[in-house]
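Data first, discussion second: the structure below is written as structure tokens.
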């Protein structure tokens with residue numbers, strides 16, 4: 001009888017430890033994927049972009065469009081950009097919180113470390129996040145949220161005359177391919193020419 005009880009408790013402990021290990025390994029994998037995505041984003045050296053964030057939860061659906069310039073500053077934000085969405089909670093004159101991709105990455109990191117459940121998808125070509133489903137507290141009824149992100153670079157003007165500047169760039173050859181399909185010696189030269197987005201490496 002004592003042997004059976006010991007076996008039972010051993011099995012319970014094994015299952016408990018296995019679930020902890022699986023949970024930790026899942027979070028570790030998610031953290032590694034986040035780092036990979038962020039590194040890829042930095043590698044592609046996108047200097048300006050726009051993205052739509054669509055969030056859905058207990059209070060309804062809300063959609064915001066964010067535009068970010070080459071210096072990482074907010075250009076403009078638009079709230080409730082789709083008329084059939086449930087935005088009454090916020091009001092028609094609601095000012096959305098400004099966001100850049102760094103803010104989105106911070107949300108993903110928080111979900112990985114704090115939420116009871118999460119699922120994340122990335123575009124690994126550029127490294128930006130595409131989707132997050134998160135349940136912050138499995139015991140709470142109305143804290144589940146879903147986020148969809150649609151990033152776009154083509155809609156931005158390739159060359160910004162306002163960003164063109166006569167500056168002394170370092171004589172370091174670290175080529176980037178501008179959206180104008182011109183190879184620049186480094187990111188400084190591209191930005192000095194007013195190029196709003198570019199990728200690492202020479203143009204093909």
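Could you figure out which of (1) over 30 Å from residue 26 (Cα atoms); (2) touching a residue at least 12 places away in the same chain (Cβ under 8 Å); (3) in a loop (DSSP other than H, G, I, E, B) isn't true of residue 189?
(3)
State whether one or more residues within the stretch 74-83 are at pLDDT 70 or above and under 30 Å from residue 164 (Cβ atoms). Lay out the reasoning, then the answer.
We begin by selecting, within the stretch 74-83, every residue at pLDDT 70 or above; these are none.
The answer is no; no qualifying residue exists.
Filter the stretch 173-185 down to residues that are in contact with a strand residue (DSSP E or B) (Cβ under 7 Å, 6 or more places away or on another chain), within 13 Å of residue 44 (Cα to Cα) and assigned to a loop (DSSP other than H, G, I, E, B) and give me whichever is modelled with the lowest pLDDT. Full working, then the answer.
Start the filter on the stretch 173-185 by keeping residues that are in contact with a strand residue (DSSP E or B) (Cβ under 7 Å, 6 or more places away or on another chain), which leaves 175-180, 183-184.
With within 13 Å of residue 44 (Cα to Cα) added as a condition, the list becomes 175-179.
Next, from what is left, pick out any that are assigned to a loop (DSSP other than H, G, I, E, B): 175, 179.
Values: 175: 92, 179: 79.
Only one residue fits best here, namely 179.
Out of curiosity, is residue 111 exposed (fewer than 12 other Cβ atoms within 10 Å of the Cβ), farther than 30 Å from residue 187 by Cα and at pLDDT 80 or above? Walk me through it before giving the result.
Details: exposed (fewer than 12 other Cβ atoms within 10 Å of the Cβ): no; farther than 30 Å from residue 187 by Cα: yes; at pLDDT 80 or above: yes.
The answer is no for residue 111.
Of all residues in the stretch 119-138, count the ones that are more than 17 Å from residue 54 (Cβ to Cβ) and either touching a strand residue (DSSP E or B) at 6+ places or on another chain (Cβ under 7 Å) or modelled with pLDDT under 85 (or both). So that I can check it myself, show each step before the final result.
Taking the stretch 119-138 as the starting set, the residues that turn out to be more than 17 Å from residue 54 (Cβ to Cβ) are 124-127, 135-138.
When the remaining residues are screened for being either touching a strand residue (DSSP E or B) at 6+ places or on another chain (Cβ under 7 Å) or modelled with pLDDT under 85 (or both), the result is 124-126, 135, 138.
Total meeting the criteria: 5.
Please give the number of the condition residue 53 fails out of (1) at pLDDT 80 or above; (2) surrounded by fewer than 17 Cβ atoms within 10 Å (Cβ to Cβ); (3) under 15 Å from the mean Cα position of the chain (by Cα).
Going through the list (1) at pLDDT 80 or above; (2) surrounded by fewer than 17 Cβ atoms within 10 Å (Cβ to Cβ); (3) under 15 Å from the mean Cα position of the chain (by Cα), residue 53 breaks only (2).
The values are calculated or read from the model by the stated rules, or taken from the named source; none is laboratory data. Values in this document were obtained by computation on a predicted structure and should not be read as measured data. Reconstructed Cβ throughout: ideal geometry from the backbone, glycine too, with neighbour counts over all protein chains shown.
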